[in-house]
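Quick notes on the structure that follows.
Only the coordinates and a few stated rules stand behind these numbers; no lab work does. Because the structure is predicted, anything quoted here is derived from the model rather than measured. Positions of Cβ are backbone-derived with ideal geometry, glycine not excepted, and every protein chain shown enters the neighbour counts.
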Amino acid sequence: MRRLLVLLAVLWVCDGVKFGQLCSSNPSNSRRTSDRWGQGQYGAGRGTRLHQGLDIKCSDGAAVYAPFDVTLNGKLTVYTDPSKAAINEGINLSGQGLCFKLFYVRKGQRIGTMLPMQSVYPGITSHIHVQMCDKRDPTPYF
Ligand SMILES: *[C@@H]1O[C@H](CO)[C@@H](O)[C@H](O)[C@H]1NC(C)=O
């Protein structure tokens with residue numbers, strides 16, 4: 001019984017949905033681990049805040065793909081800081097029953113292009129930030 005409940009809980013969390021390849025430079029959706037600017041996992045420290053998304057590696061200028069059939073809900077602004085204008089765009093998407101946002105991406109033909117993150121964060125592991133609209137952990141979908 002206990003095992004069945006655990007299995008049901010796991011199925012509930014994953015719901016079978018998995019993100020397909022997000023970035024042309026990263027076929028396996030590998031994650032940003034640690035660099036001089038911090039760590040890429042959900043819940044990592046960001047000064048006084050916590051990281052509310054999951055970072056998927058993506059080289060500056062790479063093509064960004066829709067991870068499954070998605071509806072574009074519009075673009076969004078990531079920062080208020082004008083010194084980060086070069087990467088200050090993201091998109092709000094829904095699909096597979098999920099609503100999520102991709103930061104540092106500009107809407108385009110293939111969905112988008114990875115913005116020049118190195119120009120704002122020299123030496124960082126350039127990445128797409130994946131954040132659920134309700135701020136829950138996106139990791140089970142990867
Ligand atoms: C994203 O789009 C959805 C659907 O239009 C909307 O409900 C949600 O508020 C938007 N979220 C953000 C953060 O823009």
Checklist outcome for this item: In terms of the alpha carbon gyration tensor, root eigenvalues a ≥ b ≥ c, rounded if a/c is under 1.5 and otherwise prolate when a/b exceeds b/c or oblate, region 79-142 is prolate
Item to check | Degrees separating the helix 2-14 axis from the principal Cα axis of the chain, which is the longest one | outcome: 30
Checklist entry - Whose amide H sits under 5 Å from the amide H of residue 127, counting only residues 5 or more places off or on another chain, with H placed in the peptide plane? => result 58
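Please give the net charge around residue 53, taking every other residue with its beta carbon less than 13 angstrom from that of residue 53, where Lys and Arg add +1 and Asp and Glu add -1. Mind showing how you got there, number by number?
Values: positive: 31, 32, 46, 49, 101, 135, 136; negative: 55, 134, 137.
For residues surrounding residue 53, the net value is +4.
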Checklist entry - Between residue 17 and residue 46, what is the label-to-label distance in nm when each label sits 7 Å out along the Cα-to-Cβ direction? => result 2.1
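For residue 125, what is the net charge nearby, where nearby means another residue's Cβ is under 14 Å from its Cβ and Lys, Arg count +1, Asp, Glu -1? Before the final figure, lay out the partial values.
Working: positive: 31, 32, 36, 57; negative: 35, 55, 60.
My count for the surroundings of residue 125 gives +1.
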Checklist outcome for this item: Amide H proximity to residue 112 below 5 Å, modelled H, separation 5+ or other chain, gives 64
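Could the peptides 79-89, 30-40 be put in order, highest first, of the mean number of other beta-carbon atoms found within 10 Å of their residues? Can you show the working numbers first?
Values: 79-89: 13.3, 30-40: 15.9.
Order by mean packing, descending: 30-40, 79-89.
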Next on the checklist: Restricting everything to alpha-carbon atoms, can you work out Rg to Rh for region 18-141 with a Kirkwood hydrodynamic radius?
Outcome noted: 0.92
